[in-house]
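K.L.:
I'd like to ask you about the structure that follows.
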Amino acid sequence: ITEFNSWISDMAVEEVRCIGRKFTWCRPNGGSMSKLDRFFLSDNWLSQWPDTTQFVLEMDFSDHCPILLRSINIDWGPKPFKIMDWWLKDKGFQKMVALKWGNYHPHGWGGYALKQKLKFIKGCIRQWSLSNGVTNADKIQNLKRDLNALEVGIHDRTLSQAEVELKKSLQEQLWFAANAYESMLRQKARVKWLKEGDRNSTYFHKQINYRRRRNAIQGLIIDGAWVHDPSSVKSAALTHFKDRFSEQNFNRPTLDGVQFPSLSQGEKESLVVRFSELEIT
């Protein structure tokens, strides 16, 4: 086993997730079973087809199960909204959130108003992210190209004040974009033990793709049959959780006739007064 795992590591290949039977071979008498058959894929393959999955099919005449390698990009609908860590360091993001939050005043009781404000600010952040919340390698390369073009043109002369300001701005943008890109990769890969500043883009991308494949739902076994149609899978999941978290006979005790003590007006006012220095010490 150790030599086999070493060979896998040396060849830089990976076994993708297997769906279906745990074993691909068994003796005719059923006394021994093993997983002898499998696909190993290279990084180049997985970068081209990241949704590749292998399916162990039913055994036929042979004592080995056939294996189907398939790559299907299934559209499960909109992805959950997620805030990237580096957005919180963007001054434009901070100002936008503070401005939108302070200027929106929904009507209603406290809990409802808070829910409406959170819903509103989520829409504002989503809209902001479309134009400001994207950082990638292309953006970094474009900033490098602009900075290099500026420096090449000033080798034989001194910088004007406008060019000095432009160079400073490009350097600041490049520094922020590079740190934001590292932060994004780290967050997607969920690698918490890496220190700030460490970067290996190939490693991070492998971790991101591995986590994406591991968490991907290719389908469900429903009534003994494999189903990968998104609408059928969503319907089965909804029915499953409805059955678990709902009840047929809704019966709850009431509090009719129960008398609760209430606060006087003076007691209510004492709860909202400022703390005195004596109370704190």
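K.L.:
Search the structure for amide H atoms under 5 Å from the amide H of ILE222, placed 1.01 Å from N in the peptide plane, and list their residues when 5 or more places away or on another chain.
P.N.:
So ILE222 has HN proximity to VAL227.
K.L.:
Straight-line reach from LYS119: which lysines have a Cα under 16 Å away, not including same-chain ones fewer than 8 places off?
P.N.:
LYS82, LYS100
K.L.:
Give a residue-ordered list of calculated ³J(HN,Hα) values for the stretch 245-250 (Karplus: 6.51 cos²θ - 1.76 cosθ + 1.60, θ = phi - 60°; whole Hz; x for Gly, Pro).
P.N.:
Whole-Hz 3J(HN,Hα) from phi for the stretch 245-250: 10, 9, 10, 6, 9, 7.
K.L.:
Around LYS167, under 12 Å between beta carbons, what's the net of Lys plus Arg minus Asp minus Glu among the other residues?
P.N.:
Overall, the nearby charge balance is -4.
K.L.:
Then there's this: So what is the relative contact order of the chain, in percent, for Cα pairs below 8 Å that sit 6 or more residues apart?
P.N.:
Computed value for the chain: 12 percent relative contact order.
K.L.:
Which pairs break 32 Å Cα to Cα here: LYS91/LYS117; LYS122/LYS206; LYS91/LYS115; LYS115/LYS206?
P.N.:
The answer is LYS115/LYS206.
K.L.:
What shape does the stretch 2-71 take by its C-alpha gyration tensor, where a ≥ b ≥ c are the square roots of the eigenvalues and a/c under 1.5 counts as rounded, a/b above b/c as prolate, and the rest as oblate?
P.N.:
Oblate is the answer for the stretch 2-71, as a/c is 1.5 or above yet b/c matches or exceeds a/b.
K.L.:
With a ≥ b ≥ c the root eigenvalues of the C-alpha gyration tensor of the chain, is it rounded (a/c under 1.5), prolate (a/b larger than b/c) or oblate?
P.N.:
Oblate, since a/c reaches 1.5 and b/c is not below a/b.
K.L.:
Quick test of the membrane-span-like rule: which DSSP H helices of the chain reach at least 20 Å along their long axis (C-alpha atoms) with mean Kyte hydropathy at least -0.5?
P.N.:
Helices passing the filter in the chain: 110-132.
K.L.:
Applying the Karplus parametrisation 6.51 cos²θ - 1.76 cosθ + 1.60 with θ = phi - 60° to the phi angles of the stretch 259-273, what ³J(HN,Hα) value in whole Hz is obtained for each residue in order, glycine and proline being reported as x?
P.N.:
In residue order, the calculated couplings are 9, 9, x, 10, 8, 6, 4, x, 5, 5, 5, 5, 6, 10, 6 Hz.
The numbers here are math on the coordinates, done by the rules we state, and not lab data. Keep in mind that what you see is a predicted model, and the values were worked out from it rather than measured. Don't worry about glycine lacking a Cβ; one is built from the backbone with ideal geometry, like all the others, and counts go over all protein chains shown.
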